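Visitor: Handing you a structure now.
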2 protein chains.
Amino acid sequence: MTAIDAWGYFLGAANTLLERRAFQVEHWAADEVVVQVAGCGLCHTDLGFITGQVRTRRELPLILGHEICGTVIAAGRKFTDRVGQRVIVPAVLPCGECELCRAGRDNICQRQKMPGNDFNGGFASHVVVPGRFLCRLPEDLHGFELAELSVIADAVTTPYQSLVRSGVKDDDLVIVIGVGGIGLYMVQHAKNAGAIVIALEIDPDRLAIATAQGADHSLCTQGMTARDIKQEIKSLVHQNSLPEYRWKIFETSGSAAGQSVAFALLSFAGTLGIIGFTMEKLTLRLSNVMAFDAELFGNWGCSPNHYPTVVDQVLNGRIKLRENIEVHPLDDINTVVAQALDHKLQRRAVLIPGG
Amino acid sequence: MTAIDAWGYFLGAANTLLERRAFQVEHWAADEVVVQVAGCGLCHTDLGFITGQVRTRRELPLILGHEICGTVIAAGRKFTDRVGQRVIVPAVLPCGECELCRAGRDNICQRQKMPGNDFNGGFASHVVVPGRFLCRLPEDLHGFELAELSVIADAVTTPYQSLVRSGVKDDDLVIVIGVGGIGLYMVQHAKNAGAIVIALEIDPDRLAIATAQGADHSLCTQGMTARDIKQEIKSLVHQNSLPEYRWKIFETSGSAAGQSVAFALLSFAGTLGIIGFTMEKLTLRLSNVMAFDAELFGNWGCSPNHYPTVVDQVLNGRIKLRENIEVHPLDDINTVVAQALDHKLQRRAVLIPGG
């Protein structure tokens with residue numbers, strides 16, 4: 001085991017700049033590998049850690065970043081066959097052994113490890129991760145740069161897991177609330193499953209992108225009440241002879257306003273997927289779920305089992321990805337974070353240590 | 001078609017006594033039958049109509065009652081083969097043709113008819129109902145009086161549909177909140193499915209009944225906060241090596257207090273079924289459902305498809321029913337309603353016109 005010279009951007013305390021520091025990768029366990037990072041996506045969760053709204057599970061200082069892809073350059077004895085592989089590191093790394101993993105609920109495994117939360121993450125030259133659930137990429141990346149595929153971890157896979165859980169199929173009516181970093185992929189997954197998709201968003205520019213990526217109908221909800229929105233969707237349904245019931249609604253905005261609209265849209269035999277997170281509480285009549293014979297689910301991450309399907313869809317162009325990212329040198333991370341916090345990033349940022 | 005002399009108890013206006021009136025059954029359609037009522041259960045929903053908290057879909061005056069069994073004594077031309085059959089009338093009678101029915105969601109069919117809500121119900125000598133989805137009873141009632149089986153419609157079947165939707169199986173941990181008219185059957189269904197059942201209830205007498213009918217553990221929650229209750233259940237889980245996650249929680253109390261406890265108990269990969277109804281709103285963090293990768297569903301009635309299974313379980317003694325009912329003459333209905341509103345009924349009342 002030869003030590004590897006590495007560097008990364010550490011968060012020392014909430015609301016401070018990330019600080020570049022060199023470190024040595026000296027040790028990895030028998031079931032771990034060392035990934036040379038090609039790129040790491042900047043997620044809304046990272047911004048929550050940086051602003052102190054959400055606490056990391058491991059104490060600071062910590063390198064953030066959980067949308068990682070790269071190349072395995074060293075491995076513990078259980079995964080020596082992985083050396084040289086190009087991989088995506090799932091954002092949620094389950095243990096594979098516990099009650100939840102055995103029940104097929106590995107994405108919520110309570111011994112799970114998340115890069116940039118439980119251990120040093122991907123805003124670095126190298127990262128040490130468990131080797132077991134890495135998603136190996138094929139030789140032919142269909143013209144993609146390896147770094148670009150990093151956002152598959154989380155941004156593309158989490159809504160895919162929601163799609164699977166919701167059971168969306170041909171001709172279902174799907175309503176996606178918020179078409180940002182997660183919502184745009186929700187639109188695309190639903191379209192690929194054969195649904196008719198209505199996109200709701202307060203930002204008209206994002207709505208235009210959602211339309212370009214497959215939304216059949218779009219509604220700019222800026223300034224509208226939940227009641228107005230429901231009325232507008234009913235008109236749309238009526239005018240276009242869309243399904244009257246069994247709407248599948250996906251809340252990806254992670255805001256109380258978005259959740260209120262989502263709950264108001266829930267109707268007979270409807271399904272509501274909560275994919276975005278907010279600490280804010282809502283006041284609602286829970287019994288509506290009974291009166292509507294409806295259901296509601298929340299989605300934490302994505303099982304590593306679904307990654308190969310999603311990678312395949314991206315590489316084969318069924319999921320548009322490059323249109324939704326912008327690549328920056330990792331050394332610009334503090335500027336990029338500031339832009340993201342100011343809502344000035346048009347696309348999801350991928351930070352590359354080689355840039 | 002010979003007119004049939006009939007009588008029933010009409011609700012003329014909210015908060016007035018039900019009034020016995022004679023009427024003639026003179027007409028039934030080609031797809032309808034006339035059932036001579038053997039018995040009709042008194043449900044919490046009827047009390048809601050009587051007190052004006054819930055409005056009937058058809059305007060008053062109306063005969064209430066939707067837990068009906070009896071004998072078909074006349075039929076329109078499509079169902080002449082049913083004459084002489086002893087039947088349970090499902091509380092929710094779907095149309096069988098619409099988008100929701102075809103999707104297997106017939107219990108929430110929007111053209112559904114409910115006796116004692118959309119048309120005159122079972123607190124009468126006779127009722128005219130659609131013939132299509134009646135549940136035929138076998139010759140051998142295993143010692144049951146026909147009238148006793150009326151509560152299968154709704155009280156026994158609705159929690160069964162919840163069981164099916166929740167996917168409870170061997171060794172799952174099930175928590176039933178409220179062990180009244182619906183909750184006691186929820187306990188029994190869950191036990192029959194192989195689950196370990198914890199019953200929560202504010203009334204110690206009801207808890208004792210739940211234990212006698214299969215609850216493995218019971219907790220009197222009178223005066224306890226949601227936090228206390230969660231702590232107590234965690235101790236119980238720890239002491240008895242019960243499953244730590246994937247709890248299946250069923251809220252049957254139909255109260256804001258019960259729903260608050262239910263939502264507080266929701267945890268990793270948990271499922272919460274809302275079976276009781278209340279107009280009261282709750283303030284809660286909906287994002288918890290996401291952080292827990294959990295789900296929540298509401299249950300309206302039960303598909304007629306499940307009735308034969310439930311009837312079989314009752315007749316074969318796998319579901320205890322006689323222990324949970326008390327039979328009264330229909331002419332005592334106003335006294336029985338008053339007792340029910342005063343929470344003085346120990347068991348679910350079945351009203352028999354022959355009594």
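The values are calculated or read from the model by the stated rules, or taken from the named source; none is laboratory data. If you're wondering where the values come from, they're calculated on a predicted model, not measured in any experiment. Please note: Cβ atoms are built from the backbone with ideal geometry, for glycine as well, and neighbour counts cover all protein chains shown.
Visitor: Have a look at A:Arg77, A:Arg82, A:Arg86 and point out the one that is touching a residue at least 12 places away in the same chain (Cβ under 8 Å) and in contact with a Leu (Cβ under 6 Å, 6 or more places away or on another chain).
Guide: Numbers: A:Arg77 fails: in contact with a Leu (Cβ under 6 Å, 6 or more places away or on another chain); A:Arg82 fails: in contact with a Leu (Cβ under 6 Å, 6 or more places away or on another chain).
Answer to the check: A:Arg86.
Visitor: If you don't mind, another one. Just one of the numbered conditions (1) surrounded by 18 or more Cβ atoms within 10 Å (Cβ to Cβ); (2) touching a Ser or Thr at 6+ places or on another chain (Cβ under 6 Å) is not true of A:Ser303; which one?
Guide: Of everything listed in (1) surrounded by 18 or more Cβ atoms within 10 Å (Cβ to Cβ); (2) touching a Ser or Thr at 6+ places or on another chain (Cβ under 6 Å), A:Ser303 misses just condition (2).
Visitor: Considering only the range B:287-305, I want to know if a residue exists there that is within 28 Å of B:Phe133 (Cβ to Cβ) and hydroxyl-bearing (Ser, Thr, Tyr).
Guide: Among the residues of the range B:287-305, at least one is within 28 Å of B:Phe133 (Cβ to Cβ) and hydroxyl-bearing (Ser, Thr, Tyr), which makes the answer yes.
Visitor: Just a yes or no: is a residue in the range B:40-49 modelled with pLDDT of 95 or more, surrounded by 15 or more Cβ atoms within 10 Å (Cβ to Cβ) and farther than 16 Å from B:Ala153 by Cα?
Guide: Just the residues of the range B:40-49 that are modelled with pLDDT of 95 or more, to begin with: B:40-42, B:46-47, B:49.
Among the residues that remain, those that are also surrounded by 15 or more Cβ atoms within 10 Å (Cβ to Cβ) are: B:40-42, B:46-47, B:49.
Restricting the remaining residues to those that are farther than 16 Å from B:Ala153 by Cα gives B:47, B:49.
Scanning the range B:40-49 turns up at least one residue that is modelled with pLDDT of 95 or more, surrounded by 15 or more Cβ atoms within 10 Å (Cβ to Cβ) and farther than 16 Å from B:Ala153 by Cα.
Visitor: Related question: With (1) of a type in the set (Ser, Thr, Tyr); (2) over 14 Å from the mean Cα position of the chain (by Cα); (3) crowded, with 24+ Cβ neighbours inside 10 Å as the list, and B:Ser125 as the residue in question, which single condition is left unmet?
Guide: It fails just one condition, (3).
Visitor: Let me ask something else about it. Return the residues of the range B:217-229 that are buried (at least 16 other Cβ atoms within 10 Å of the Cβ) and either under 23 Å from A:Phe297 (Cβ atoms) or among the β-branched types (Val, Ile, Thr) (or both); say none if nothing qualifies.
Guide: Those that are buried (at least 16 other Cβ atoms within 10 Å of the Cβ) and either under 23 Å from A:Phe297 (Cβ atoms) or among the β-branched types (Val, Ile, Thr) (or both): B:Thr221, B:Ile229.
Visitor: For the range A:281-301, enumerate the residues that are modelled with pLDDT of 95 or more and within 17 Å of the chain's Cα centre (by Cα).
Guide: Across the range A:281-301, the qualifying residues are A:Phe297, A:Gly298.
Visitor: If I go through the range B:245-268 residue by residue, how many of them are facing chain A (nearest Cβ under 7 Å), surrounded by 24 or more Cβ atoms within 10 Å (Cβ to Cβ) and either assigned to a loop (DSSP other than H, G, I, E, B) or among the aliphatic types (A, V, I, L, M) (or both)?
Guide: Residues in the range B:245-268 being facing chain A (nearest Cβ under 7 Å), surrounded by 24 or more Cβ atoms within 10 Å (Cβ to Cβ) and either assigned to a loop (DSSP other than H, G, I, E, B) or among the aliphatic types (A, V, I, L, M) (or both): 0 in total.
Visitor: Give me the residue from the range A:269-278 that is assigned to a loop (DSSP other than H, G, I, E, B) and within 7 Å of chain B (Cβ to nearest Cβ) and, out of that set, surrounded by the most Cβ atoms within 10 Å (Cβ to Cβ). Walk me through how you get there before you give the answer.
Guide: Looking only at the range A:269-278, we keep the residues that are assigned to a loop (DSSP other than H, G, I, E, B), and these are A:269-270, A:275-278.
Retained after the next criterion (residues that are within 7 Å of chain B (Cβ to nearest Cβ)): A:269, A:275, A:277-278.
Values: A:Ala269: 23, A:Ile275: 25, A:Phe277: 20, A:Thr278: 20.
Result: A:Ile275.
Visitor: With respect to the numbered conditions (1) under 21 Å from B:Asn316 (Cα atoms); (2) surrounded by fewer than 24 Cβ atoms within 10 Å (Cβ to Cβ), which one is the sole condition not fulfilled by B:Val151?
Guide: Among (1) under 21 Å from B:Asn316 (Cα atoms); (2) surrounded by fewer than 24 Cβ atoms within 10 Å (Cβ to Cβ), B:Val151 violates only (2).
Residues checked against (1) of a type in the set (Ser, Thr, Tyr); (2) in contact with a Leu (Cβ under 7 Å, 6 or more places away or on another chain); (3) more than 30 Å from A:Arg285 (Cα to Cα):
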site	(1), (2), (3)
B:Leu296	no, yes, no
B:Cys302	no, no, no
B:Asn305	no, no, no
B:Glu323	no, no, yes
B:Leu330	no, yes, yes
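Visitor: Among (1) more than 18 Å from the chain's Cα centre (by Cα); (2) within 25 Å of A:Gly181 (Cβ to Cβ), which single condition is A:Val33 missing?
Guide: (2)
Visitor: How many residues does the range A:173-213 contain that are closer than 23 Å to A:Tyr245 by Cα and part of a loop (DSSP other than H, G, I, E, B)?
Guide: 5
Visitor: Related question: Report, by residue number, each residue of the range A:93-117 that is more than 25 Å from A:Gly48 (Cα to Cα), assigned to a loop (DSSP other than H, G, I, E, B) and in contact with a helix residue (DSSP H, G or I) (Cβ under 8 Å, 6 or more places away or on another chain). Explain how you work it out, then say what you get.
Guide: Initial filter on the range A:93-117 (more than 25 Å from A:Gly48 (Cα to Cα)): A:95-105.
Imposing the further condition that a residue be assigned to a loop (DSSP other than H, G, I, E, B) reduces the set to A:95-98, A:103-105.
Answer for the range A:93-117, where residues must be more than 25 Å from A:Gly48 (Cα to Cα), assigned to a loop (DSSP other than H, G, I, E, B) and in contact with a helix residue (DSSP H, G or I) (Cβ under 8 Å, 6 or more places away or on another chain): A:Cys95, A:Gly96.
Visitor: Considering only residues that are within 27 Å of B:Arg21 (Cβ to Cβ) and of a type in the set (A, V, I, L, M, F, W, C), look in the range B:90-122 and name the one that is surrounded by the most Cβ atoms within 10 Å (Cβ to Cβ). Quick ask: steps written out before the conclusion?
Guide: The first filter runs over the range B:90-122 and keeps only residues within 27 Å of B:Arg21 (Cβ to Cβ), leaving B:90-93, B:112-122.
The next check asks that each one be of a type in the set (A, V, I, L, M, F, W, C); those that pass are B:91-93, B:114, B:119.
On the way: B:Ala91: 30, B:Val92: 26, B:Leu93: 25, B:Met114: 20, B:Phe119: 19.
That would be B:Ala91.
Visitor: Just a yes or no: is a residue in the range A:306-314 under 30 Å from A:Lys230 (Cβ atoms), surrounded by 18 or more Cβ atoms within 10 Å (Cβ to Cβ), at pLDDT 95 or above and in contact with a Ser or Thr (Cβ under 6 Å, 6 or more places away or on another chain)?
Guide: Residues of the range A:306-314 under 30 Å from A:Lys230 (Cβ atoms): none.
So far as the range A:306-314 goes, no, none of its residues is under 30 Å from A:Lys230 (Cβ atoms), surrounded by 18 or more Cβ atoms within 10 Å (Cβ to Cβ), at pLDDT 95 or above and in contact with a Ser or Thr (Cβ under 6 Å, 6 or more places away or on another chain).
Visitor: Against the condition surrounded by 24 or more Cβ atoms within 10 Å (Cβ to Cβ) and either in contact with an Asp or Glu (Cβ under 7 Å, 6 or more places away or on another chain) or of a type in the set (A, V, I, L, M) (or both), how does A:Leu173 come out, does it pass?
Guide: Values: surrounded by 24 or more Cβ atoms within 10 Å (Cβ to Cβ): yes; either in contact with an Asp or Glu (Cβ under 7 Å, 6 or more places away or on another chain) or of a type in the set (A, V, I, L, M) (or both): yes.
Considered against the rule, which asks whether it is surrounded by 24 or more Cβ atoms within 10 Å (Cβ to Cβ) and either in contact with an Asp or Glu (Cβ under 7 Å, 6 or more places away or on another chain) or of a type in the set (A, V, I, L, M) (or both), A:Leu173 comes out as yes.
Visitor: When you check B:Ala103 against the structure, is it aliphatic (A, V, I, L, M) and either under 30 Å from B:Asp5 (Cα atoms) or touching a residue at least 24 places away in the same chain (Cβ under 8 Å) (or both), yes or no? I'd like the intermediate steps shown before the answer.
Guide: Details: aliphatic (A, V, I, L, M): yes; either under 30 Å from B:Asp5 (Cα atoms) or touching a residue at least 24 places away in the same chain (Cβ under 8 Å) (or both): no.
Against the criterion (aliphatic (A, V, I, L, M) and either under 30 Å from B:Asp5 (Cα atoms) or touching a residue at least 24 places away in the same chain (Cβ under 8 Å) (or both)), B:Ala103 does not qualify.
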